[in-house]
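Structure, as structure tokens:
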Amino acid sequence: MSIFSRTRDIFAANITEMLDRSEDPAKMIRMVILEMEETLVEVRASAARCIADGKEMRRALSRLDELQKNWTEKAELALSKEREDLAKAALLERQKAADMGDGLREEIKVIDDTLKGYETDIAKLQGKLREARARQNAIAARFESAVTRARARELLNGNRTEDAFSKFEFLERRADFAEGRADALGMTGPKSLEEEIAELKAAESVDKELEAMKAALRARGK
């Protein structure tokens, strides 16, 4: 396929419609972008060759203009020496150079027109390429979102989540047991008979000591 046909196909391509028909939009848009990039490189290479050809032709045209000037001077010199035959021959050579110059001007005009076409094509290709890349980014974001949502749903609805919550419940039961055990260690039951009698004896001893201290204080006061 020629570069011109490929370029026309790309300009006519409706990227959205192509993606809608494609079973794998991501793969399709990668192919489209690759095709556009390759075509853009070829168009720019062709434009570069045209620019180089135009410069070479303009240099040749400049040489032909200089040659015409030289033949004119030679014709004038021949006439000044009354050599009309030489003057006529010089004018014929000048005409040949002029004809060649006219031909080069036509070719240069064609090259300039072609370059304008290349500039337009390059601008359109770059626009299509930007559109394709934007679609590529949008599709990539959609795929990433879909994958994330699928993982989230799998996590919420899968066995791994159920196993995790079962472990949480088990740990909660163990925590409840540990707290209950700690509370139980701090609890005191009813006092035994011996404990109550021992407390009475201790209280009686304290009362006796207290009365003794009071009596001592009264004695010192007197």
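Just so you know, all these numbers are worked out from the coordinates, no wet-lab data involved. On a predicted model such as this, the values are computed, not experimentally measured, just so you know. All Cβ positions, glycine included, derive from the backbone under ideal geometry; neighbour counts span all protein chains shown.
Here the Karplus curve 6.51 cos²θ - 1.76 cosθ + 1.60, taken at θ = phi - 60°, turns the phi angles of the range 120-130 into couplings of 5, 5, 4, 4, 5, 4, 5, x, 4, 5, 4 Hz, with x standing for Gly and Pro.
Taking a ≥ b ≥ c as the square roots of the Cα gyration tensor eigenvalues, with a/c under 1.5 meaning rounded and otherwise prolate when a/b beats b/c, else oblate, which class fits the range 54-124? Because a/c hits 1.5 or more and a/b exceeds b/c, the range 54-124 counts as prolate. Placing a pseudo-label 7 Å from each Cα along the Cα-to-Cβ vector at A175 and K208 gives an inter-label distance of 5.6 nm. Protection proxy ranking for 103-113, 28-38, using the average of other Cβ atoms within 10 Å per residue and placing the highest first: 28-38, 103-113.
The range 37-62 and the range 67-97 have their alpha-carbon centroids 36 Å apart.
What full-extension length gain, to one decimal in nm, is calculated for D113 and E42 as 0.36 nm per residue of separation minus the Cα-Cα distance? Write out the running numbers ahead of the final one.
On the way: separation 71, 0.36 × 71 = 25.56 nm, distance 1.80 nm.
Working it through step by step, the gained length comes to 23.8 nm.
For D99, the shell of other residues with beta-carbons less than 15 Å away shows a net charge of -1, using +1 for Lys and Arg and -1 for Asp and Glu.
Measuring r between the beta carbons of E82 and D53 and using R0 = 45 Å, the FRET efficiency lands at 0.50.
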